[in-house]
Amino acid sequence: GREWHLTARPKGWPAPEDFALREAPVRAPGPGRILVRNLYLSVDPYMRGRMNDVKSYVPPYRLDEPMEGGAVGVVLASEAEGYAPGDHVLHGLGWREYATLDARHAAKVSAEAAPPTTYLGVLGMPGLTAYAGLLEVASFKEGDAVFVSGAAGAVGGLVGQIARLKGASRVVGSAGSAEKVRLLTGEYGFDAAFDYHDGPVARQLKEAAPEGIDVYFDNVGGEHLEAAIGSLKVHGRVAVCGMISQYNATEPSAAPRNLALVVGKRLRIQGMLVKDHSDLRPRFTEEVSGWLRSGELKYHETVVEGIGNAVDAFLGMLRGRNTGKMIVSLDG
Ligand code: NDP
């Protein structure tokens, strides 16, 4: 089977030359283990951080070894109790066609209950991030006016819609194209949205939320965070989920320049990691599945075909080529 290796640590924007698709033997499972053929691979922003050789909340990818990441696959052979050929599983050995792993590191998922790709997106890690980030980290309450950046992405699209479903007084989103802005105010039901390329974020946010915001869900950082600090009301809250505008930067960002406003406005700015919120998973799954069944919650996925295109899919996601979750399909 083929697998993607990181061959050089990118400085700034990763280049295709930093990766290699290599052939590796398919290993039969030993006791307690399963052999999985991957059907869908996840490419996520946090993977950019793992390409750097720095200590962080996840260890860096090792050079000339297969990269890891979320994947959904089908069991081909099993030496583990409770796992049989044909079962679908979610696990962490993505970026490859075949994975042999300890069954304790795989979660069975139902391909009948929901499309398998959704376990990497709306019903998976990004979905829980949106749910926990808004409801727990940002302490969202009914009547709050909410602003979310990266709003047409996997996490952001859900944040805005969950806020709407939970009774936000106003939901505003920003994204990188006119088409994405139309999706937000159309299908997703945001009250207002803007393309951050169209002018200063601070000005566009003031126009979209003239009375200010109570919650900012940050996926982007930099100028977006500065604009949000300017628009937040007294006792406003910020959930810092990510700062994707900085992941490929070679210089630290100058913004936010208005951090001193945090004092007078008594703002709370809190970072988050989805792994701290697994206790919310049952509630999240029940509530989000219900909204999906009733049609109140919409989601998009951008699917790129073929293991050979996985790096392009990753780089494309960093450049905004995706609407909703970016997925690599090996199912063709
Ligand atoms: P997305 O599906 O949102 O894909 C990334 C998007 O980022 C792109 O589509 C692009 O959309 C946008 N983007 C890229 N560069 C910039 C930029 N310079 N300024 C503004 N937008 C940019 O990814 P996810 O939903 O998976 O992740 C969203 C955020 O959440 C990321 O910051 C990620 O790191 C974070 N995250 C954090 C977790 C945690 O536990 N803390 C867990 C999961 C995700 P556009 O066309 O709009 O520019």
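Coordinate-derived values only; no laboratory data. It should be emphasised that the depicted structure is a prediction, and the values quoted were computed from it without experimental measurement. Cβ placement follows ideal geometry from the backbone for every residue including glycine, while neighbour counts extend to all protein chains displayed.
In region 298-327, the residues that are β-branched (V, I, T) reach residues that are assigned to a helix (DSSP H, G or I) with C-beta atoms within less than 7 angstrom, at least six apart or across chains, in these pairs: V304/D312; V304/A313; V311/P16; T323/K180; T323/L183; I327/T117; I327/L120.
On the basis of being touching a strand residue (DSSP E or B) at 6+ places or on another chain (Cβ under 8 Å), within 16 Å of the ligand (Cβ to nearest atom), without any contact (Cβ under 8 Å) to a residue 60 or more places away in the chain and in a loop (DSSP other than H, G, I, E, B), does G189 make the cut? No. A search for C-beta distances below 7 Å between a residue of region 134-159 that is outside any helix (DSSP H, G or I) and any residue that is of a type in the set (K, R), counting only pairs 6+ apart in sequence or on different chains, returns A138/R237; S139/R237; F140/K166; E142/K166; A145/R170; A152/K180.
The set of residues in region 181-207 that are surrounded by 22 or more Cβ atoms within 10 Å (Cβ to Cβ) and out of contact with any His (no Cβ under 8 Å at 6 or more places or on another chain) comprises V181, L184, Y188, F190, A193, F194, L205.
Could you please give the count of residues in region 195-238 that are assigned to a helix (DSSP H, G or I) and away from the ligand (no atom under 16 Å from the Cβ)?
Taking region 195-238 as the starting set, the residues that turn out to be assigned to a helix (DSSP H, G or I) are 196-198, 201-208, 223-231.
Narrowing further to those that are away from the ligand (no atom under 16 Å from the Cβ): 203, 206-207, 229-231.
Looking only at that region, the number is 6.
The number of residues in region 239-256 that are out of contact with any helix residue (DSSP H, G or I) (no Cβ under 6 Å at 6 or more places or on another chain) and either more than 20 Å from G320 (Cβ to Cβ) or within 13 Å of the ligand (Cβ to nearest atom) (or both) comes to 11. For region 105-158, taking the residues that are within 17 Å of the chain's Cα centre (by Cα) and of a type in the set (V, I, T), the one that is surrounded by the most Cβ atoms within 10 Å (Cβ to Cβ) is identified as V148.
Cβ-Cβ distances below 9 Å connect the following pairs, each with a first residue in region 236-256 that is closer than 20 Å to W13 by Cα, a second residue that is away from the ligand (no atom under 14 Å from the Cβ), and a separation of six or more residues or different chains: Q246/P252; N248/P10; T250/K11.
Scanning region 134-157 for residues that are touching a helix residue (DSSP H, G or I) at 6+ places or on another chain (Cβ under 7 Å) and closer than 21 Å to M47 by Cα yields S149, G150, A151, A152, A154, V155.
Could you tell me which of the residues L120, L101 is more than 16 Å from the ligand (Cβ to nearest atom) and within 30 Å of E3 (Cβ to Cβ)? Even if it seems obvious, please write down each step before you answer.
Working: L120 fails: more than 16 Å from the ligand (Cβ to nearest atom).
Matching residue, one of L120, L101: L101.
Looking at region 163-176 only, could you name the residues that are surrounded by fewer than 21 Cβ atoms within 10 Å (Cβ to Cβ) and in contact with a strand residue (DSSP E or B) (Cβ under 6 Å, 6 or more places away or on another chain)? First the steps, then the outcome.
Looking only at region 163-176, we keep the residues that are surrounded by fewer than 21 Cβ atoms within 10 Å (Cβ to Cβ), and these are 164-167, 169, 176.
Within region 163-176, R164, S169 meet the criteria.
Looking across region 303-325, the residues that are within 24 Å of L165 (Cα to Cα) and part of a strand (DSSP E or B) come down to G324, K325.
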